[in-house]
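Working notes, beginning with the structure itself.
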Amino acid sequence: MRYEGLVYRPPSEARSLIIQATLSCPHNKCAFCSMYKGRKFRVRPMEEIIEDLDSALEVYGTGAVRTIFLADGNSAVLPTEKLVTIGEEARKRFPDLERITVYGSAKFLVKKSQDEWRQVAEAGVTRIHSGLESGDAATLEAINKGVTPEEAVEAYRHVKEAGIELSVYLMVGVAGIERWREHALGSAAVLNQAPPDFIRLRTFVPQPRTAWHDRWAEGKLTLLSAYEALEETRLLIASLHGPTQLLSDHVSNFVDVNGRLPDDKTAMLARIDQAAGLPLKAFRPPTEKLIGVGL
Ligand code: SF4
């Protein structure tokens with residue numbers, strides 16, 4: 001396998017074989033994101049992807065690869081035929097493959113028909129990780145996510161109905177103290193209309209050389225304290241109906257809250273209320289102190 005630039009993958013794909021099917025991100029405009037800044041989006045030729053699959057087969061053998069993650073940001077943008085071919089070629093080499101996964105922003109998910117997504121799922125690409133960050137219209141516009149709440153609902157229903165498992169990422173604190181309430185309620189509204197299999201929380205940490213970092217540095221965006229982040233998360237969970245599973249499997253979060261909704265809602269809210277009574281030193285350092293450490 002060969003890799004170009006820093007390769008990012010969701011925490012839940014830590015054990016997956018990573019194949020770069022695309023390089024960089026076709027959107028590359030989110031105000032908080034520094035992952036692919038300065039890197040031009042490119043689709044890797046099929047021959048190179050096949051070569052990487054062959055190298056992995058040589059290194060790991062046929063039975064060891066159970067999951068594959070197709071990097072970089074938004075490989076869901078690839079044409080249906082290409083995703084189908086990658087799926088088929090991967091399964092030929094690794095018959096025990098359980099899933100192939102891609103990143104896919106709602107902006108790109110709506111571009112394929114449901115029938116196309118069905119073909120992609122049948123070829124083995126059965127899980128999409130989608131960064132929504134917020135369901136609040138004003139926040140989505142301000143962070144330049146390239147999608148409205150209505151489009152996100154349409155996109156998520158679209159892929160779910162095609163039989164694809166969906167993980168949606170929300171960013172606690174991305175709207176600052178200025179819009180935390182709208183951010184939590186708007187996010188719950190989108191995910192109640194189109195419940196994904198998983199909702200994964202990460203907490204916003206300003207990344208140097210991004211517009212959202214500058215907004216914070218200029219005093220126009222106030223970072224949430226641990227207690228404020230808990231309050232936002234509490235409102236989100238209290239407003240979510242499910243059925244879905246909420247996970248906070250990221251080191252940026254102040255508290256781990258995990259569970260199924262609606263069944264575990266009471267227990268999850270109790271966990272947050274218990275954490276809200278802890279002294280500040282019980283939490284990770286304030287977000288300001290994490291800037292530049294690569295979270
Ligand atoms: S779509 Fe994802 S990878 Fe692309 S700029 Fe936005 S957050 Fe970054």
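If you go through the stretch 58-84 and keep only what is within 16 Å of the ligand (Cβ to nearest atom) and part of a loop (DSSP other than H, G, I, E, B), you end up with 72, 73, 74, 78. Within the stretch 85-111, take every residue that is in contact with a helix residue (DSSP H, G or I) (Cβ under 6 Å, 6 or more places away or on another chain) and assigned to a loop (DSSP other than H, G, I, E, B) and give me the one that is farthest from the ligand (Cβ to nearest atom). In this case the residue turns out to be 97. Taking the listed residues 184, 123, 189, 137, the one that is at pLDDT 95 or above and under 24 Å from residue 28 (Cα atoms) is 137, with no other qualifying. Consider the stretch 22-57. How many of its residues are within 13 Å of the ligand (Cβ to nearest atom), part of a loop (DSSP other than H, G, I, E, B) and closer than 11 Å to residue 72 by Cβ? Residues that pass the stated criteria total 8. Checked against the criterion of being more than 20 Å from residue 161 (Cα to Cα) and either within 13 Å of the ligand (Cβ to nearest atom) or crowded, with 24+ Cβ neighbours inside 10 Å (or both), the stretch 116-126 contains not a single residue that satisfies it.
Conditions tested, residue by residue: (1) modelled with pLDDT under 95; (2) of a type outside the set (Val, Ile, Thr); (3) more than 14 Å from the chain's Cα centre (by Cα).
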{"position": "165", "(1), (2), (3)": "no, yes, no"}
{"position": "196", "(1), (2), (3)": "no, yes, no"}
{"position": "210", "(1), (2), (3)": "no, no, yes"}
{"position": "215", "(1), (2), (3)": "no, yes, yes"}
{"position": "222", "(1), (2), (3)": "no, no, yes"}
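Checked against (1) open to solvent by less than 60 Å² (accessible area, probe 1.4 Å); (2) of a type outside the set (Phe, Trp, Tyr); (3) out of contact with any strand residue (DSSP E or B) (no Cβ under 6 Å at 6 or more places or on another chain); (4) more than 30 Å from residue 138 (Cβ to Cβ), residue 27 passes all but a single condition, namely (4). Just one residue in the set 133, 151 is open to solvent by 40 Å² or more (accessible area, probe 1.4 Å), within 16 Å of the ligand (Cβ to nearest atom), closer than 16 Å to residue 191 by Cα and among the charged types (D, E, K, R); that residue is 151. Quick check: anything in the stretch 53-63 of a type in the set (S, T, N, Q), surrounded by fewer than 18 Cβ atoms within 10 Å (Cβ to Cβ) and over 26 Å from residue 134 (Cβ atoms)? Checked the stretch 53-63: at least one residue is of a type in the set (S, T, N, Q), surrounded by fewer than 18 Cβ atoms within 10 Å (Cβ to Cβ) and over 26 Å from residue 134 (Cβ atoms).
Against the conditions (1) in contact with a helix residue (DSSP H, G or I) (Cβ under 7 Å, 6 or more places away or on another chain); (2) open to solvent by less than 20 Å² (accessible area, probe 1.4 Å); (3) within 16 Å of the ligand (Cβ to nearest atom), residue 19 satisfies every one except (3). May I ask you to verify whether residue 280 is in contact with a Ser or Thr (Cβ under 9 Å, 6 or more places away or on another chain) and open to solvent by 70 Å² or more (accessible area, probe 1.4 Å)? Considered against the rule, which asks whether it is in contact with a Ser or Thr (Cβ under 9 Å, 6 or more places away or on another chain) and open to solvent by 70 Å² or more (accessible area, probe 1.4 Å), residue 280 comes out as yes. Comparison of 244, 233 shows that the only residue that is more than 27 Å from residue 292 (Cβ to Cβ) and among the hydroxyl-bearing types (Ser, Thr, Tyr) is 244.
The values are calculated or read from the model by the stated rules, or taken from the named source; none is laboratory data. These figures come from a predicted structure and were not determined experimentally. Cβ sites come from the backbone with ideal geometry, for glycine too, and all protein chains shown count toward neighbours. All accessible areas refer to the heavy atoms of the entire protein, side chains included, with ligands and DNA or RNA removed. Shrake-Rupley method; radii C 1.70, N 1.55, O 1.52, S 1.80 Å.
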